[in-house]
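Quick notes on the structure that follows.
The values are calculated or read from the model by the stated rules, or taken from the named source; none is laboratory data. Remember, predicted model here, so these are calculated numbers, not experimental data. Positions of Cβ are backbone-derived with ideal geometry, glycine not excepted, and every protein chain shown enters the neighbour counts.
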Amino acid sequence: MTAAVRREDGLVDDGKSASRADAEERLITALSGRPLLVLLENTTDVLQRVGKHGQHALRALVQNREDVLLVATSPSLDDSVSKQAAPFYGFFETVRLAELTVEGARQLLINVARLRGDDELSEFLTTDLATRRLKVVEVLAGGHPRVWMLLAGCMSVENIDELVPVFMKALDDLTPYYQDRMRELPPQQESLVFELCEHRLPLTVGELARRCDLQQNATSVQIKALVDKGHLDARPSAACRGSTS
């Protein structure tokens, strides 16, 4: 709400000395009747930083004005949007992205290449060689859409033979971010995630509880919280009921 806005006359108000109400008024004035589309990444992090007062102000602005649209993304949903007492509870129309298959990932990469004007890459991605490379990456990346978007940003025809090293380097750049996310987890949840990462294969709730020296009912509660946050994926199967990965 205190970010700089460019006025109709071309001048910029930096908003440093403005109150929240003043900043909102300057923003609306700068719009001059035009619609405003706000694209917000890592939404839960942003909401935590602005606090309850900032969240109430942002919701009021978006809710009371038909010319302001907020499109927000987040790797997971926390209390700032899922708790009933939270200002943004029930506000968003939530769309959960399903995991991508290799074919779905290929189409995503083709679409990104076309948007960049890279016709050579978009054509190459339809070949059998590209399919083999993508299947190798799929073993490492799974179907997480954000991870495939990360790959899309560093992929080219020239580096296709080095696709796995390029992908691993891009993941390394994200390590500090995910380390911070892990540190934010309660101790029991952190222990469960680490154990699953070490095991590398799905585990039943009972097996996971035994490995982490936890009660099974407590483990079930923590797993549900991790699944709700998007950190884990629970996949019941005939061979492994209640398995978690």
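Some notes on this structure:
- Only one entry in S32, S80, S76, S122 is among the hydroxyl-bearing types (S, T, Y) and in contact with a Gly (Cβ under 6 Å, 6 or more places away or on another chain), namely S76.
So that you can scan it fast, the table gives a plain yes or no per residue for (1) at pLDDT 90 or above; (2) touching an Asp or Glu at 6+ places or on another chain (Cβ under 7 Å); (3) within 18 Å of E138 (Cα to Cα):
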position	(1), (2), (3)
T94	no, no, no
E103	yes, no, yes
L108	yes, no, yes
A113	yes, no, no
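- Where a residue in the stretch 74-87 is touching a residue at least 12 places away in the same chain (Cβ under 8 Å) and more than 10 Å from K229 (Cα to Cα) and its partner, wherever it lies, is of a type in the set (A, V, I, L, M) and assigned to a loop (DSSP other than H, G, I, E, B), with Cβ under 7 Å and at least six apart: S80/A86
- The test for being farther than 25 Å from Y178 by Cα, out of contact with any strand residue (DSSP E or B) (no Cβ under 6 Å at 6 or more places or on another chain), at pLDDT 85 or above and not basic (K, R) holds for G90.
- Considering residues of the stretch 88-107 that are under 16 Å from the mean Cα position of the chain (by Cα) and in contact (Cβ under 8 Å) with a residue 24 or more places away in the chain only, the residue surrounded by the fewest Cβ atoms within 10 Å (Cβ to Cβ): A98
Results for (1) touching a residue at least 24 places away in the same chain (Cβ under 8 Å); (2) assigned by TED's automatic domain parsing to the domain that holds S76; (3) closer than 18 Å to V102 by Cβ, shown as yes or no for each residue.
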{"site": "E120", "(1), (2), (3)": "yes, no, no"}
{"site": "K135", "(1), (2), (3)": "yes, no, yes"}
{"site": "L140", "(1), (2), (3)": "yes, no, yes"}
{"site": "H144", "(1), (2), (3)": "yes, no, yes"}
{"site": "V147", "(1), (2), (3)": "yes, no, yes"}
{"site": "M155", "(1), (2), (3)": "yes, no, yes"}
{"site": "D173", "(1), (2), (3)": "no, no, no"}
{"site": "E190", "(1), (2), (3)": "no, no, no"}
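- Selection within the stretch 95-141 - of a type in the set (G, A, S) and part of a loop (DSSP other than H, G, I, E, B): A98, G117
- Leading residue by the ranking (surrounded by the most Cβ atoms within 10 Å (Cβ to Cβ)) among those in the stretch 39-50 that are in contact with a helix residue (DSSP H, G or I) (Cβ under 8 Å, 6 or more places away or on another chain) and under 17 Å from V68 (Cβ atoms): L47
- Within the stretch 214-233, residues that are without any contact (Cβ under 8 Å) to a residue 60 or more places away in the chain reach no partner that is acidic (D, E) and crowded, with 17+ Cβ neighbours inside 10 Å with beta carbons closer than 9 Å at six or more positions or on different chains.
- Residue in the stretch 33-73 that is nearest to T94 (Cα to Cα), counting only those that are of a type in the set (V, I, T) and either without any contact (Cβ under 8 Å) to a residue 12 or more places away in the chain or not in a loop (DSSP other than H, G, I, E, B) (or both): V71
- When A23, A3, A18, A30 are checked against the criterion of being at pLDDT below 90, surrounded by 15 or more Cβ atoms within 10 Å (Cβ to Cβ) and not in a helix (DSSP H, G or I), A18 stands alone in meeting it.
- Residues satisfying the stated conditions in the stretch 179-204, i.e. among the hydrophobic types (A, V, I, L, M, F, W, C) and either farther than 21 Å from S220 by Cβ or out of contact with any Pro (no Cβ under 9 Å at 6 or more places or on another chain) (or both): M182, L185, L192, V193, F194, C197, L201, L203
- Qualifying residue in the stretch 215-235 (condition: in a loop (DSSP other than H, G, I, E, B) and over 27 Å from T94 (Cα atoms)): yes
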